[in-house]
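What follows is calculated from the coordinates using simple rules that are stated; it is not laboratory data. Please read all numbers here as calculations on a predicted model, not as lab measurements. Using ideal geometry, Cβ is built from the backbone for each residue, glycine included, and neighbour counts are taken over all protein chains shown.
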Amino acid sequence: MRAAIIGLGCIAEVHVSAIRASDAEIVAVCDIDLEKAKRFCERHSLTCPVYENYVELYEKEKPDVAHICTPHYLHCDMICEALSRDINAFCEKPVAISYSQLDKIHA
């Protein structure tokens with residue numbers, strides 16, 4: 001499975017370990033702070049592409065799953081964009097911050 005990690009804060013550290021413990025491969029990472037993303041890759045010996053924009057990552061890398069590790073209010077759009085491209089979304093909780101966002105994801 002080709003996995004991408006979006007949002008490289010503290011919880012992304014857990015996701016790297018989980019992905020590595022499975023048969024999945026980390027094919028890309030994304031964070032709005034490019035230098036932070038590069039440091040993350042160095043710390044975890046990742047040689048995958050680094051993105052500042054998750055839509056660009058989805059378009060170019062076409063991962064099988066996106067691990068979404070961003071602040072809660074960003075989850076809905078990132079999940080919906082992934083699902084619209086047939087990319088599975090593995091998201092930190094909460095998935096949504098309102099019922100309307102949850103309805104959007106469900107649709």
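Please give the contour-minus-distance gain from K36 to D23: 0.36 nm per residue of separation, less the Cα-Cα distance, rounded to one decimal in nm. Spell out each step's value before the answer.
Details: separation 13, 0.36 × 13 = 4.68 nm, distance 2.60 nm.
Length gained between K36 and D23: 2.1 nm.
Suppose R0 equals 22 Å. What FRET efficiency, 1/(1 + (r/R0)^6) with r the Cβ-Cβ distance, do S98 and N53 give to the nearest 0.05? Working shown, then result.
Details: r = 24 Å, r/R0 = 1.11.
That pair, S98 with N53, gives E of 0.35.
Which helices of the chain meet both criteria: a Cα extent of 15 Å or more along the helical axis and a mean Kyte-Doolittle score no lower than 0.0, with helices taken as whole DSSP H segments? It would help to have the intermediate numbers written out before the result.
On the way: long enough: 10-21 (18 Å, 1.11).
Those that clear 15 Å and a mean of 0.0 are 10-21.
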With springs connecting C-alpha atoms under 10 Å apart, model the chain as a Gaussian network and identify which of A21, A37, A12 has the largest mean-square fluctuation.
-> A21
For the stretch 1-69, just list the percent of Cα-Cα distances falling in each 5 Å bin from zero outward, please.
-> 4, 20, 34, 28, 12, 1
